[in-house]
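**Q** Sharing a structure, written as structure tokens. Questions coming.
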Amino acid sequence: MSKEASQSLRMRFKRACKKVWDLQTKPTNEQLLNLYALFKQATEGDCEGKARGSLKQRAKWKAWNSISGTSQLDAMKKYCLLVNSLAE
């Protein structure tokens, strides 16, 4: 991916991160976990460590860990697509 394309994607990702807070309807728990996992993968990369904490924290860890190996740029693309589909 060219530097220009990745810069464009990063801008779309930033807009999607803001847009997600203004959704008309609350996403389902599964959609929230997908959003969380894609955001963490896009911003931090692969999940490390073991699942700890409450049931909610373990579910978030499991969702993020399930997409380990996905590139940060691919995670950004998928996050943007998911936010846009939820905003429709």
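**Q** Does the range 5-15 contain any residue that is in contact (Cβ under 8 Å) with a residue 24 or more places away in the chain and among the aliphatic types (A, V, I, L, M)?
**A** Yes, because at least one residue in the range 5-15 is in contact (Cβ under 8 Å) with a residue 24 or more places away in the chain and among the aliphatic types (A, V, I, L, M).
**Q** Got a number for residues in the range 62-79 being surrounded by fewer than 20 Cβ atoms within 10 Å (Cβ to Cβ) and either touching a Cys at 6+ places or on another chain (Cβ under 8 Å) or among the hydrophobic types (A, V, I, L, M, F, W, C) (or both)?
**A** Keep residues of the range 62-79 that are surrounded by fewer than 20 Cβ atoms within 10 Å (Cβ to Cβ), which gives 62, 65-74, 77-78.
Going one step further and asking which of them are either touching a Cys at 6+ places or on another chain (Cβ under 8 Å) or among the hydrophobic types (A, V, I, L, M, F, W, C) (or both), we end up with 65, 67-68, 73.
Number of matching residues: 4.
**Q** Taking the range 48-88 on its own, how many of its residues are assigned to a loop (DSSP other than H, G, I, E, B), over 23 Å from residue 18 (Cα atoms) and hydrophobic (A, V, I, L, M, F, W, C)?
**A** Step one: filter the range 48-88 for residues assigned to a loop (DSSP other than H, G, I, E, B), giving 48-54, 66-71, 88.
Right, trim to over 23 Å from residue 18 (Cα atoms) and you get 48-54, 66, 68-69.
Keeping just the survivors that are hydrophobic (A, V, I, L, M, F, W, C) gives 51.
Result for the range 48-88: 1.
**Q** For the range 23-45, which positions are within 25 Å of residue 6 (Cα to Cα), of a type in the set (D, E, K, R) and loosely packed, with under 14 Cβ neighbours inside 10 Å?
**A** 44
**Q** Mind listing whichever residues of the range 79-88 are over 12 Å from residue 40 (Cα atoms) and either of a type in the set (Gly, Ala, Ser) or at pLDDT 95 or above (or both)?
**A** First pass over the range 79-88, keeping only residues over 12 Å from residue 40 (Cα atoms): 80-88.
Within the range 79-88, 80, 81, 82, 83, 84, 85, 86, 87 qualify.
The values are calculated or read from the model by the stated rules, or taken from the named source; none is laboratory data. Bear in mind the structure is a predicted one, so any value in this text is a computation, not a measurement. Reconstructed Cβ throughout: ideal geometry from the backbone, glycine too, with neighbour counts over all protein chains shown.
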